[in-house]
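What follows is one structure encoded as C-alpha cells, with my remarks underneath.
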Amino acid sequence: MQDGAMQAWLESSHLAGGNIGYVEELFELYLDDPSAVGDEWRELFDSMPAVGKDVKHSEIRDQFREMAKNKLKMAGSQGGNSETSEKQVKVLQLINAYRFRGHQHANLDPLGLWKQDEVPDLSLDHHALSKDDYDTEFNVGSLAIGKDSAKLGDIHSALEKIYCGSIGAEYMHITSTEEKRWIQQRVESQLGQPEFSKEVRLRLLKELTAADGLEKYLGSKYPGAKRFSLEGGDSLVSMMKALIHRGGETGAKEVVVGMAHRGRLNVLINVLGKHPQELFNEFAGKASIGEKSGDVKYHMGFSSDFKTEGGDVHLALAFNPSHLEIVNPVVMGSVRARMERRGCTDGSQALPITLHGDAAIAGQGVMQETFNLSQTRAFSVGGSIRIVVNNQVGFTTSKREDARSTQYCTDIAKMVQAPIFHVNADDPEAVLFVSQLAIDYRNTFKRDVVIDLVCYRRHGHNEADEPNATQPLMYQKIKKHPVTRELYAKRLIEANLIDEKSVKQMVQDYRDALDKGDCVVDEWQPMKAHSVDWSPFIDNEWDVDYDSKMTVTELEDLGRKISEIPEGFKLNSRVNKVYEERRKMAEGERKMDWGMAETLAYASLVKHGHRIRMVGQDSGRGTFFHRHAVLHNQKDAETYLPLKHVAENQADIDIYDSVLSEEAVMAFEYGYATAEPNTLTIWEAQFGDFANGAQVVIDQFLSSGEQKWGRLCGLTLLLPHGYEGQGPEHSSARLERFLQLSADHNWSVCTPTTPAQVYNMLRRQQIRPVRRPLIVMTPKSLLRHPDAVSNMEELAEGVFHNVIGEIDKQDTKKVKRVVFCGGKVYYDLRKARREQELNEVAIVRVEQLYPFPHQEMAKVLEDYQHVKDFVWCQEEPQNQGAWYCSQHHFREAIPDGAKLNYAGRNASASPAVGYASVHKEQQEKLVNDALTIK
Ligand code: AMP
C-alpha cells in the first residue's frame, strides 16, 4: 500500500473511510470486476500492490485496518453502524450500475415499441436496498449532483432522471477516467433535464415547424415523388443547427457534412439554406449542371455560409452516392484538407458531421474502417460528430432480429471508445442538450462522438412505398403518433410559453416563406470568397498547355539533395546501397532507375511550391523496396524524409504508411483531393488488386464524380501491375475495369515503361491545370530492370509521351508487323525481338491508354502506313487487360485495310495462373505469338 496516496485520498474523499469491513467489501468487488467500484476507489486500489502470489491477503487486511484506525470519521448519519456502511457500498454499486446500464432502461423510443430487457442491476433489491432505505442519507461518491451526500430516495430518483430519461448515455466503456468524469459532470449535474430559456425553446419549436412544414409542403405539392422524408426524425434539423452554432462559437470555420438520402432535402433547405425554389425546380426536372449527366436531387451537395455567435461558418454538404456510409471517409478527407490549408492540426477549425442510418452503420464494413482511421497520424481530423438517424428499420428489414447482432446499432463505435448518446427524438430539448455536449466533448478530447437519434420513419422507405406490408404493428402505431412539432407545441403551451394561435401562425408563416421560394434559414449568409480557388482548373481539357521543363543542372542538384543523409544517421545497409547508387545517378555516373526518377518528380514539385500527400500500404519504403522516401535510423528508429529538405521555402510533403484498408482510405483521399487542388494527392496500393476492396470508391466517386456532381478531383492511384508469375492475386490491378469505366475524358489511365516517363507523368498530373484522376499501372520487376533506366535529359525534357514509337534503328520500309503494347511486356518483347533479330517487327508502346492519344499515335504510325499486320500484345488474359476495352481505339489508329490481331493469354476466369512454370510457358508463347510473322 502506498501510504501517502492512501492518506491523501482519505483526506479528500467523499467517503471518509468507515471501517475495515466496508473497505474490504469494496476491495472484493474491485477484485471481481475493477469497473464495479467507483473511479476513486479503483484509482486507489490500482495504486496498491498487485494481489497475487506475492502479496498475502493478510498484508492487505493490515493496510485496511491501519486505514480504518487512522481515519474513522464516517460521514454524517453513516456513523459507525456497520449495516449502514455495507449499504453505503451497495448505494455506490447502484450508482455505478446506472452509469453502466441506465441507458438500457431509458425512454428512447418515441413509439414505445422497443422491448427493453429487464436489467437486474438497476433494481434496488439487486443491491439489497429497498424503499425502506429511501430516507437514509448516503454519501454519493462521485455522482455529480452538486452535493456529497443525499437520501437514497433522492439519489435513486436522480439516477432515474439522469440515466433513464430521454437520454441514454453510454460511456462507461471508455477507459480514460478523465473523459468519464467529464461526461458525468455534464450529464449528472443536469439531472437529465437541461433548462433552456424561453427564447431557445421557441426557437426549437420554430425549427420543428420548418422540418415538418417542408415535408408536408412537398408531400402535397409533389405527391408520390421520392423525397426520402425526414418525418419522424424532425428534430434532426434542430440538432444540425445546434451543432453548427456550438461549433462556430467554439472556433470552427468550416463544417463538412456527409449524409445519405433520408432527410437530405430538409437539411438542404432548413439548415444549409438552399433556396426552396431551386428544389422545386429540381422536382419539376428543370435543373441541370451543363453538359454533365447530373444526379438525383437527394444526392446533391451544397455549399453556403452560416452565421454563428463565433462568426460565419462555411458549410459544405458532400455529394453522396446511394452506396451507404461510403461518404463518411470522404468527409473526413475533405476536412483534413481544409484543416491543413488553415494550418490547423487539431481539427478545431474544421468540423466533420456525418449522418448515418441505423441499419447501415451496423451493416456496412466501411464504418469499421472509418472509425479505425479516426485516431491515426495520416487520417485524424480531431474527432467527428456522428449522428445516427435511427428510424429502427432498414428499408424493410426490422432492427433486432435481422439487421444486426448487437444491442444497439451504434455498438461499432465502441471500438474507438467513442461515447454514445442515445436520445429520444420526440424530446427536442434533450436533443439540443446532447448536441452541445457532443461538440464540447469532441473539442475537448478530439475524438469521435456518436449521437443515436432514436426516431421513426413516418412513411415507407420512400413516399410511394407501403410500409404496412412488412412492419404492420409499427406503422399502426406511427399512424396514431403525433408529429414532434405537435408534441412540443403542446409542451410549450402547457408551460405558458406560447398559445395555440401563435403556434398556428408559425406554421402558416413557414408555408408562406416556402411559397415565396426564398431562403428560409435565418442564419444563412451568401458564400464568401472560398479559401481555395478552383477556377484555374475549370473547363480545361487534356490538351491544355503546360510547361514542365527543368534544366539538367537543377535536376542534378535536386538529385544530390534527395540523396543527402544527416550526419550520424545510420541507414540499413541495403538502403544505404540504394542511396549510394542514387548519388551516382545524380552525378550522371549511372543511369536513373525508377525510384530515383519518381523521387525527383516529388522533389522538383515541392521545390516549386506544389504540396504532396502520398498515402498507401508501405508507401514510405515502397512495397518492393524501391522508394525509401522515409528513412529509419538504425540507431534510434528516428525517421527522416530527405524530400522535406530539398529547398528553402519548399512546399511540404507527407508520406504516410496507411492503415490496412482500401475502401475507407481511398475514399478519404478522394475527399482530400476534391477539397484541395494544389496538392498532388496519391493513393498507392500494396499490390494493384488490393484496389478491388475500394471498388465502390472507384465506381461511385473517382470515375464519375465530375459527371454527376461537377466536382473535380486530381487523385492519383498507383497500382502495381504486371505478370511475373506471382499468382492470381498479385499480378493484375484490373486494368480492364478502369478502361471499361473510361468515358467523357473522366480520367487518364497510364502504363508507363521508363523512369523518365513516370517522372514526367507525375509532374504533368500536378502542373497541367487539369484536375482529374490519374490511374497508373505501376511496375514491380521494372523497378530494377537493367533496361528500364533513363538519363537526366529525358527527365528535363518535361514531356510525358503518351505513345513511344520503335526506339531501335530499323528500316521502317521493311517493317511488316507493328506490335502495340504497354507496360512490362514491352521489355520481354524487345528482348526477344533483339535476340531473334526480328527486324521486320516494330514495337510501339501505348503509355496512356485513356484518353487514347490518337494524334500521337497517328504521328508514330506515319512510317508504317504500308503495314497491314498489327498486333495488340498483352500479358493479361484476353477477357482482361486492354484488349476488349481499347481495341476500337487501336483499330481506328491503324491504316485502312490493315488487320489487328490479339497476342496474349487465353480468356480466363482467374487473372493469372498459380504455377510459375505455366506462367513462364504462357509468357513465352504470347511474346512469340506477337513477334512471329507466319
Ligand atoms: P466547398 O468548400 O466544398 O463548399 O466548395 C466551395 C465552392 O468551391 C463550391 O461551391 C465550388 O464552386 C468550388 N469547389 C469546391 N470543390 C470543388 C471541386 N472539387 N471541383 C470544382 N469546384 C469545387
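The values are calculated or read from the model by the stated rules, or taken from the named source; none is laboratory data. Here the structure is a predicted model, which is why all the values come from computation and not from measurement. Here the Cβ is made from the backbone with ideal geometry for all residues, glycine too, and neighbour counts use every protein chain on show. Keep in mind that these areas ignore ligands, DNA and RNA; they rest on the heavy atoms of the full protein, side chains included. Shrake-Rupley method; radii C 1.70, N 1.55, O 1.52, S 1.80 Å.
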Would you please report the Å³ per residue occupied by the convex hull of the alpha carbon atoms in the chain?
209 Å³
For the stretch 144-227, the accessible surface attributable to carbon and sulfur atoms (probe 1.4 angstrom, ligands and nucleic acids excluded) amounts in percent to 48 percent
Once phi is turned into ³J(HN,Hα) by the Karplus curve 6.51 cos²θ - 1.76 cosθ + 1.60 with θ = phi - 60°, what whole-Hz value does each residue of the stretch 96-107 show in order, with x for glycine and proline?
4, 4, 5, 5, 6, 10, x, 4, 6, 10, 6, 8
Using amide H atoms built in the peptide plane, which far-off residues or other-chain residues are under 5 Å from Thr778 H to H?
Leu719, His721
According to a simple spin-label model (label point 7 Å from Cα along Cα-to-Cβ), what is the distance in nm between Val799 and Asp499?
8.4 nm
Working only with C-alpha atoms, what are the Rg and Dmax values of the stretch 87-242, expressed in angstrom?
19.9, 64
About the Cα centre of the chain, how large is the charge dipole given +1 on each Lys and Arg Cβ and -1 on each Asp and Glu Cβ? Please answer in debye to the nearest 20.
1580 debye
Among Lys274/Lys504; Lys216/Lys241; Lys446/Lys504; Lys868/Lys925; Lys198/Lys480; Lys90/Lys241, which pairs are too far apart, with a Cα-Cα distance over 32 Å?
Lys446/Lys504; Lys90/Lys241
Measure of exposure for Ile538: accessible area at 1.4 Å probe, Å² rounded to 10, is 80 Å²
To make sure I understand the rule: partners must be aspartates and glutamates, Cα under 17 Å from the Cα of Lys816, and not fewer than 8 residues away in the same chain. Which ones qualify?
Glu806, Asp808, Glu837, Glu840, Glu862, Asp863, Asp869, Asp896, Asp929
Can you find, among Ile269, Ala430, Gly688, the residue farthest towards the positive end of the dipole of the chain? Put +1 on the C-beta of Lys and Arg, -1 on that of Asp and Glu.
Gly688
Roll a 1.4 angstrom probe over the protein heavy atoms and tell me the percent of accessible area of the stretch 629-694 that is carbon or sulfur.
41 percent
Can you tally the net charge around Ser790? Count Lys and Arg as +1, Asp and Glu as -1, for every other residue whose Cβ sits under 12 Å from the Cβ of Ser790.
-4
Surrounding net charge for Lys297, when Lys and Arg each add one and Asp and Glu each subtract one, Cβ distance under 13 Å
+3
Solvent exposure of the chain as accessible area per residue, Å², 1.4 Å probe:
40 Å²
Lysines with Cα under 18 Å of Lys920, excluding same-chain neighbours fewer than 8 positions away:
Lys780, Lys824, Lys831
Can you list the residues, at least 5 places off or on another chain, whose amide H is less than 5 Å from the amide H of Arg590, using H built in the peptide plane?
Met585
Any idea what the relative contact order of the stretch 477-623 is, in percent, if you count C-alpha pairs under 8 Å spaced at least 6 apart?
15 percent
Average projected area [Cα convex hull, the stretch 658-796], square nanometres
8.8 nm²
Ordering Asp125, Asp109, Asp515, Asp312 by accessible area with a probe of 1.4 Å, largest first, what comes out?
Asp125, Asp515, Asp312, Asp109
For q values of 0.23, 0.27, 0.30 Å⁻¹, compute log₁₀ I(q)/I(0) with the Debye formula on a Cα-only model of the stretch 640-699, without solvent.
-0.99, -1.16, -1.28
Take every Cα pair under 8 Å in the chain that's 6+ residues apart, average their separations, divide by the length, and report that relative contact order as a whole percent.
10 percent
For the charge dipole of the chain, defined by +1 on Lys and Arg C-beta atoms and -1 on Asp and Glu C-beta atoms about the Cα centroid, which residue among Leu26, Ala150, Phe395 has the Cα displaced farthest towards the positive pole?
Phe395
Extension gain, Gln508 back to His173 (0.36 nm per residue minus Cα-Cα distance, nm):
115.9 nm
Could you tell me whether the stretch 354-503 comes out rounded, prolate or oblate from its Cα gyration tensor? Rule is a ≥ b ≥ c as square roots of the eigenvalues, rounded for a/c under 1.5, then prolate if a/b exceeds b/c, otherwise oblate.
oblate
Rounded to the nearest 5, the percent of antiparallel DSSP beta bridges in the stretch 535-683 equals 15 percent
Put +1 on the Cβ of every Lys and Arg and -1 on every Asp and Glu Cβ in the chain; which of Tyr441, Gln874, Leu643 then has its Cα farthest towards the positive end of the dipole?
Gln874
When all protein chains stay in place, what accessible area (Å², nearest 10, 1.4 Å probe) is found for Arg574?
150 Å²
Under a crude label model (7 Å from the Cα following the beta-carbon direction), how far is Ser157 from Thr444 in nanometres?
2.8 nm
Kindly flag which residue pairs out of Lys286/Lys516; Lys151/Lys414; Lys115/Lys479; Lys570/Lys644 have an alpha-carbon separation exceeding 23 Å in this structure.
Lys151/Lys414
Run lengths n ≥ 4 of DSSP H only: what is the helix-derived mean residue ellipticity at 222 nm for the chain, with -39500 (n - 2.57) per run over all residues, to the nearest 500?
-11500 deg cm²/dmol
May I ask you to give the percent of accessible area on the stretch 228-368 that is carbon plus sulfur, with a probe radius of 1.4 Å?
46 percent
Tell me whether the stretch 553-646 comes out rounded, prolate or oblate; compute the Cα gyration tensor, take square roots of the eigenvalues as a ≥ b ≥ c, and use a/c under 1.5 as the rounded threshold.
rounded
Looks like the stretch 822-934, by Cα gyration tensor root eigenvalues a ≥ b ≥ c and the a/c under 1.5 rounded cutoff (else prolate when a/b is bigger than b/c, oblate otherwise), is oblate
Going residue by residue through the stretch 647-664, the Karplus relation 6.51 cos²θ - 1.76 cosθ + 1.60 with θ = phi - 60° gives ³J(HN,Hα) values, rounded to whole Hz and with x marking Gly or Pro, of 6, 5, 6, 6, 7, 7, 9, 10, 10, 10, 7, 8, 4, 7, 9, 10, 4, 5
Ordering Asp440, Asp522, Asp787 by how much accessible area each has at a 1.4 Å probe, largest first, what is the list?
Asp522, Asp787, Asp440
How high is the relative contact order of the stretch 853-934, given as a whole-number percent (alpha carbon pairs under 8 Å, six or more residues apart)?
35 percent
Under the 0.36 nm per residue contour assumption, what length would be gained going from the current alpha-carbon distance of Gln836 and Tyr579 to full extension?
88.8 nm
Of the DSSP beta bridges with both residues in the chain, give the percent that are antiparallel, rounding to the nearest 5.
30 percent
5 angstrom amide H check on Asp452, placed H, neighbours 5+ away:
Val388, Phe421, His422, Val423
At 1.4 Å probe size, with no ligands or nucleic acids counted, give the accessible surface of Trp41 in Å², nearest ten.
10 Å²
Residue by residue through the stretch 168-178, what is 3J(HN,Hα) from phi via Karplus (6.51 cos²θ - 1.76 cosθ + 1.60, θ = phi - 60°)? Round to whole Hz and write x for glycine and proline.
x, 8, 10, 8, 6, 7, 6, 8, 6, 5, 4
Students sometimes get this wrong: rank Ser908, Ser384 by accessible area, probe 1.4 Å, all chains present, largest first.
Ser908, Ser384
